[in-house]
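Please read the structure below before turning to the comments.
Nothing in this text is a laboratory measurement; each read-out follows from the coordinates by a stated rule. Note that this is a predicted model, so its numbers are computed, not measured. FYI the Cβ positions are ideal-geometry reconstructions off the backbone, even for glycines, and counts take in every protein chain you see.
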């Protein structure tokens, strides 16, 4: 794709010469501007790859001022055009860190070479900046991981240590009921640690694209019914899980006999993880109990799943980042969790070429909507 060069030059003849030279060399010149203020608005609208900017422009804003705004706001490289090579002007221009200078009257070879060098330099800087940003994000992720591990592992490990010490040192004094209680705490702590380690491994696999996606024909309605039956076993008496289906998820082949049906091809293991997580969260974050609705809509080649609860909800300001690793809402209080579940869910939904979204209001409840294509 050809690079777009915006020309900002208030001398018409020179501007026409530059435009002709650039277009002859294969560049696109989307506009020629004479004023600094207009150049800024045109950069925002046209998104050029580079700006050729005359230092001395007519109007209230000179080229150096306009270039500084363009580079700082839009990260677009600027090359200065100037007939003024005096030290004072050059020093002012240098403060904006331009990508090159072309002296007027310009030579065609000098102009094109300066442009090519500037575009190459900017591309390298962009790649380097992206890599540095990724490295920064990775460092922050590792820092959050270490912080999370130190916090999340400490509590169950302390429970195991304290319970085993009591059983070892005071076994004769402890009743059988108390022993059962301590054993229960140990087993529960081990389960929490195992789940945490499993989730960390799943996130690691997904982030390096190692998660296996194995779609196979799946009777979706039965799958959901069986899953709800399993979830009801872990729900308390305070929770009522209501499951409803609308539409038919079994595809009828066009111009085929009524017996010729086609089941959607989905990865049952990944789907089980997605909806076990979302339904378990609906229970966990509805500590007062209430209805949890699980709806399946099969419409126009798509399966739309809706999970609704009337729990604590999610603060508005935190909803955009909720699918990132190690992110938890600030209002969860003492409800256990480590902020990995929804990150995994999102990646598993995307492996199905699907989408996940949420609607939530703090203190009212949360609705998750998962859309997965059936074809």
(request) Calculate, for residue 222 and residue 300, the FRET efficiency according to 1/(1 + (r/R0)^6) with r their C-beta to C-beta distance and R0 22 Å; round to the nearest 0.05. (result) 0.50
(message) Using a 7 Å offset from the Cα along the Cα-to-Cβ direction at both residue 116 and residue 232, what is the distance between the two label points in nm, to one decimal?
(response) 7.3
(message) If a paramagnetic tag sat 7 Å from the Cα of residue 358 along the Cα-Cβ line, which residues of the range 299-323 would have the backbone N under 17 Å from that point?
(response) 305-323
(request) Express in nm, to one decimal, how much length is gained between residue 269 and residue 173 on full extension, taking 0.36 nm for each residue of separation and deducting their alpha carbon distance. (result) 29.9 nm
(request) Just rank 306, 265, 139, fewest to most, by other beta-carbon atoms within 10 angstrom. (result) 139, 265, 306
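Give the order of 368, 80 when sorted by the count of other beta carbons within 10 angstrom, beginning with the fewest. Display every interim value, and only then the final one.
On the way: 368 23, 80 26.
If I rank by nearby Cβ atoms, fewest first, I get 368, 80.
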(request) Along Cα→Cβ, 7 Å out, is where each label goes; now give me the distance between the ones at residue 240 and residue 133 in nm to one decimal. (result) 4.9
(request) Compute the distance in nm between two label points, each set 7 Å from the Cα along the Cα-to-Cβ direction, one at residue 280 and one at residue 74. (result) 5.0
